[in-house]
Structure formats: C-alpha cells, structure tokens
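The values are calculated or read from the model by the stated rules, or taken from the named source; none is laboratory data. This is a predicted model, so every value here is computed, not measured. Cβ atoms come from the backbone with ideal geometry, glycine included; neighbour counts cover every protein chain shown.
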Amino acid sequence: MTTTTARETPRSGMTPPEVGPGKKSTIRSWTVFAILMVALVGSVVAIFLPLTPIAIGCAALVMMMALLCLRVPVALTMIIPSFAGLYAIRGEKTVSSALTALPYDQVASWTLSVVPMFVLMGLLLWRSGLTDTLYTAARHWLGWMPGGLAVGTNIAGSGLAAVSGSTTGTAYALGRIGIPEMLKAGYDRRLAVGAVIVAGLPGQLIPPSILLVLYAGIAEVPVGKALLAGIGPGILVSIMFSVAIILFALFGKDLAGTKESRVEAARVGWGTRFKSLVAAWPVPVLIVVIIGGMFSGVFTATEAGAVAALCSVGIVFLWKRRTGGAWRALVDGSVGTVSTVGAVFLLLIGVEALSRMMTLTGISNGFADLIASMNLGRIEFLLLMLVIYLILGAFMEPLPMMVLTIPILIPTLEALDISLLWFGAFTVFMGELAILSPPVGILAMVIHSITKDPEVNLGKNIPLKDVFVASLWFLPMAIVVVLILIFFPEISTFLPDRASG
C-alpha cells in the first residue's frame with residue numbers, strides 16, 4: 001500500500017505521493033550529474049573560443065575539476081584538459097611535439113627508478129604478515145599506560161609505515177588486528193577506530209613514500225632529500241597523536257577501557273617484551289637500510305630502494321617458511337607493482353602536461369603576482385594554504401590536491417623563500433588529512449568496510465557516522481601538528497640539509 005502525506009495541496013486537494021529516501025537520492029545524483037555535465041561541456045566550448053590565455057587556462061581547470069568529480073582517472077583528468085589548452089593556445093604543432101617527447105622525457109629518469117623498488121617492498125612486506133608481529137610488540141610494551149592499546153596501535157602503524165609507505169595498507173592491516181583487541185578491552189568504538197585511522201597517517205611521510213617521490217618529480221627537487229624531509233614530520237605526527245590518545249584516556253570517562261585491562265597488560269614479563277621486540281627485527285633493519293643509507297651518502301635513494309626491495313624478498317621467504325605461500329606473495333607483489341608503477345608514471349606525464357599548460361596561460365605567474373600584491377609573509381601565506389587545503393581536502397583526494405596546486409604555487413614558494421623540501425612534507429600531510437575528511441574520506445570508507453566484519457566489530461554496530469566522528473576527534477591535534485611545522489620548519493629540513501650529497 002502506498003503511503004501519502006497528511007497535508008493536501010492547495011489547488012487540487014489531492015495528497016501527493018511521498019518521495020522515498022531512495023528516490024530522493026536518485027534525484028540528487030542526477031542533479032549533480034547534470035551540473036557536472038554542463039560544467040564539462042561549457043568548459044570544453046570555452047577552451048576553443050577566442051579568449052585570453054588565462055581565460056583558456058581557467059576553463060581547462062574547470063574541465064579538470066568536472067572530470068575529477070565524474071570519477072575519471074586522475075591522470076586523464078590532467079592530460080585531456082592540458083592538451084586541449086595547449087592546442088587552443090599554440091596549435092597542433094605544440095601538441096604533437098609534446099605528445100612525442102613529453103612521455104619519455106618525464107618518466108625516463110634514473111631518480112624515478114626508486115618508485116618500483118619502494119612499491120615492491122611495501123607490497124611484499126604487507127603480504128608477509130609482518131603487521132601481526134609489530135602490533136604484538138607495541139601492545140606488550142605500551143599496553144600498561146592509559147590508552148595503551150591505542151597508543152601501541154599508533155606506534156605499530158608508524159613502524160609499518162616506515163617500511164611500507166602505504167597509509168591505506170597500514171590502516172587496513174592494523175584495523176583487523178587492533179579494533180577487536182581494543183573492543184575486547186572495553187574501549188569506546190570511536191576511540192578504537194580513530195586510533196587505527198591516525199596510525200596510518202605517517203604512511204606517506206616516513207620513507208618510503210610514493211607521494212613524496214611524486215612531489216619531488218613535480219617540484220624538481222632531489223628524491224632522496226624529499227624523502228628525508230618527511231622523517232621529522234612523520235615522527236612528530238606519531239608522537240602528537242599518541243599524546244592525544246593518552247589525553248582522551250585520562251579525561252574521557254570509560255573511553256580507553258577498564259583499569260583491569262591495563263593492569264593485565266602491565267603483568268607481561270620483560271622476557272616476553274624483549275622477545276616480541278626481537279621478532280620485529282625486519283623493521284629496524286629496513287629503516288637503517290633506507291634512511292641510514294640515504295642520510296650517510298652510502299646509497300642514493302634509488303640504490304636504497306633496490307637494496308630494501310631485495311631485503312623484503314628475503315623477509316617474505318623467512319616469514320612464510322612455515323605457512324607457505326612465499327612464491328604466491330612474490331608473484332602478487334610483482335604484478336601489483338607493475339600496475340601501480342604504470343599508474344604513477346602516467347600520472348607524472350599528466351602533471352607535466354598540466355604544468356606546461358598553466359605556464360603558457362600565465363596562471364602560475366598570475367597567482368604569484370596576486371600573492372605578492374597581498375603583501376603576505378611566509379607565515380600568513382602558509383596559514384592561508386592550511387585553510388585552503390582543509391577545504392580542498394573535504395572534496396578531493398591527495399593526488400588531485402597536489403597536482404592541482406603545486407605547479408601553481410612553486411613560483412610563489414620561491415618568491416617567499418619557502419623551502420620546497422619542507423613544502424613537500426606539508427602538502428603530503430595535508431593530503432593525508434584529505435583521506436580522512438568527509439564527505440570523500442577514502443580512508444574512513446576503508447575502515448568502515450573493515451568494521452562491518454563481525455570478527456572485527458565483535459557484534460557492535462559501528463556506523464559510518466562514528467568513523468567520521470572518530471576522525472574529527474583527532475583533527476584539532478592534526479592542525480596543531482601543521483602549526484608546529486609552520487613555525488618550526490627545521491623539523492622537516494634538518495635531515496636533508498645535513499645529508500651527504
């Protein structure tokens with residue numbers, strides 16, 4: 001039977017049918033799609049009108065945003081508008097020349113050979129099962145303190161990030177282990193989920209980091225120094241979120257489990273603690289290989305990646321010697337590496353095309369002139385960028401944020417004497433916040449999908465709203481981290497300034 005509203009329409013006296021939630025959602029979806037198509041078609045038409053170069057560039061950016069919202073792959077959202085803009089400004093010969101030389105020139109770089117090495121290492125370590133060992137060690141050493149399980153999850157995430165470079169992979173692996181353990185200990189579901197979410201945030205700051213490698217390619221800075229610039233901020237992020245968890249545990253009633261659970265954790269013997277620490281030996285080994293090698297000058301970034309990838313192959317065979325499946329893990333990791341690297345290189349081609357188009361249109365220099373006319377100093381400009389990135393992060397993923405803003409900002413950064421190495425760590429961390437923020441929140445969506453598993457939620461309903469609330473609990477501390485980095489840039493630049501070579 002169809003339900004009707006109690007209110008009658010003034011004209012007909014008939015009761016209109018009630019619009020169900022599903023139908024309303026469909027109407028909204030089609031409305032958004034129609035708006036995006038209008039923006040897309042309008043921008044395409046505008047690009048080929050006899051407009052000024054800056055107007056053509058703005059139309060190309062509108063086209064890019066429309067394609068992003070229509071879920072077109074990120075690389076194509078840059079390549080298509082960029083070449084359309086180049087064609088409209090300089091004609092067919094410029095486009096033909098760019099298509100001939102740009103792809104090879106952009107990716108045939110010795111420094112970029114570090115990308116497949118780091119990707120392979122991360123995928124192999126993820127499939128090796130090292131996550132369980134790291135989490136056990138963190139729980140044994142830190143479970144006694146207020147919020148100890150959550151702090152242990154955060155520290156384990158930093159350790160895993162230091163050898164995998166994957167935010168999503170870190171959070172996914174820890175979520176399946178940490179969330180049920182914290183729920184068993186009586187943790188509030190929001191704190192349990194939030195601890196896992198922020199545990200993955202150092203993933204693209206502590207080397208290896210694909211986003212920092214991409215940033216180095218966009219900003220044309222040394223890859224090794226760009227990776228070293230993320231170490232200080234990555235450690236700071238881990239420490240500050242651990243502090244936030246402890247504060248939640250101290251001042252939040254019943255948020256961090258029962259006192260009995262902490263007492264039980266404190267009873268773990270020192271022998272057990274040291275045994276769990278020794279079992280996690282691949283983490284310090286790889287940290288020494290990657291960071292120590294690059295900082296000392298023994299390895300270039302590429303050589304460090306190659307040695308670390310070779311070590312990860314050995315770790316997979318050692319970790320899988322009892323359960324089997326080492327060859328399967330090696331094959332899956334290799335196939336995943338080829339797929340990921342292909343996407344990354346296509347993305348770099350798109351970034352270069354976008355950069356050339358915006359340089360020709362004058363948008364990059366125009367933005368720099370606008371900032372100069374506002375008489376903003378370094379601090380004021382970075383505070384402005386903090387707000388802009390927070391707004392962009394609510395609607396965009398990290399890669400689109402980076403490729404849309406960095407080519408425009410580089411002239412301004414140089415004019416304000418802002419270190420490009422420092423800005424790489426700043427941009428990547430703001431991008432990490434983007435994968436938490438609603439309504440996009442890719443990482444929040446991943447965690448929510450994990451919490452639907454009865455083995456993870458232990459029979460407790462954890463809606464998406466709670467996942468986003470958990471993310472927002474930690475947002476103030478994330479902003480504090482950014483402010484610390486702005487006022488104390490040496491946290492990021494100390495290591496690269498002193499690195500050999």
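Brief remarks follow.
- Count of segment 198-256 residues which are part of a helix (DSSP H, G or I), closer than 15 Å to V151 by Cβ and in contact (Cβ under 8 Å) with a residue 40 or more places away in the chain: 17
- With respect to the conditions (1) modelled with pLDDT under 80; (2) more than 15 Å from T153 (Cβ to Cβ); (3) in a helix (DSSP H, G or I), L286 falls short on a single one, namely (1).
- The residues on offer are P103, P116, and the sole one that is outside the structural domain of A280 (by TED's automatic domain parsing), touching a residue at least 60 places away in the same chain (Cβ under 8 Å), of a type outside the set (A, V, I, L, M) and in a helix (DSSP H, G or I) is P103.
- Meets criteria (closer than 30 Å to T359 by Cα, surrounded by 24 or more Cβ atoms within 10 Å (Cβ to Cβ) and not hydroxyl-bearing (S, T, Y)) for L227: yes
- Candidates are the residues of segment 144-165 that are surrounded by fewer than 24 Cβ atoms within 10 Å (Cβ to Cβ) and outside any helix (DSSP H, G or I); the one that is modelled with the lowest pLDDT is W144.
- Tabulated pairs, segment 68-79, first outside the structural domain of L399 (by TED's automatic domain parsing) and part of a helix (DSSP H, G or I), second modelled with pLDDT under 80 and not aliphatic (A, V, I, L, M), C-beta under 6 angstrom, 6+ apart or interchain: L68/P400; V74/P400
- All positions within segment 289-319 that are among the aromatic types (F, W, Y) and not in a helix (DSSP H, G or I): F299
- Contacts under 8 angstrom Cβ, first residue in segment 374-385 being in contact (Cβ under 8 Å) with a residue 60 or more places away in the chain, partner exposed (fewer than 15 other Cβ atoms within 10 Å of the Cβ), 6 or more apart: I379/F487
Every residue, every condition in (1) in contact with a helix residue (DSSP H, G or I) (Cβ under 8 Å, 6 or more places away or on another chain); (2) of a type in the set (F, W, Y), yes or no:
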site	(1), (2)
S209	yes, no
L214	yes, no
V221	yes, no
F251	no, yes
P284	no, no
G293	yes, no
V307	yes, no
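- For segment 166-192, the tally of residues that are modelled with pLDDT under 85, in contact with a helix residue (DSSP H, G or I) (Cβ under 7 Å, 6 or more places away or on another chain) and in a helix (DSSP H, G or I) stands at 13.
- Within segment 452-500, being of a type in the set (D, E) and surrounded by 14 or more Cβ atoms within 10 Å (Cβ to Cβ) holds for one residue alone: D466.
- Of the residues making up segment 168-190, those that are crowded, with 24+ Cβ neighbours inside 10 Å and farther than 19 Å from G129 by Cβ number 2.
- Test: residue in segment 335-343 that is in contact (Cβ under 8 Å) with a residue 12 or more places away in the chain and under 30 Å from D417 (Cα atoms): no
- Some residue of segment 253-271 being assigned by TED's automatic domain parsing to the domain that holds M402 and touching a His at 6+ places or on another chain (Cβ under 6 Å): yes
- Pairing each residue of segment 305-327 that is assigned by TED's automatic domain parsing to the domain that holds V213 with any residue that is crowded, with 18+ Cβ neighbours inside 10 Å and of a type in the set (K, R), provided the two are 6+ apart or on different chains, yields C-beta distances under 6 Å for A326/K320.
- Being surrounded by fewer than 23 Cβ atoms within 10 Å (Cβ to Cβ), modelled with pLDDT under 85 and aliphatic (A, V, I, L, M) is a description that applies to M445.
- For segment 316-374, the set of residues classified as β-branched (V, I, T) and over 27 Å from A219 (Cβ atoms) consists of V316, T323, V331, V335, listed by residue number.
- Criterion: surrounded by 14 or more Cβ atoms within 10 Å (Cβ to Cβ), closer than 18 Å to A156 by Cβ, within 27 Å of the chain's Cα centre (by Cα) and modelled with pLDDT of 75 or more - qualifying residue of I315, I291: I315
- Boolean, A415 is under 22 Å from E380 (Cβ atoms), free of Cβ contacts under 8 Å to residues at least 60 places away in the same chain and not basic (K, R): yes
Residues are listed down the side, and each one gets a yes or a no for (1) hydroxyl-bearing (S, T, Y); (2) within 27 Å of the chain's Cα centre (by Cα):
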| site | (1), (2) |
| --- | --- |
| M78 | no, yes |
| S82 | yes, yes |
| R90 | no, no |
| S97 | yes, no |
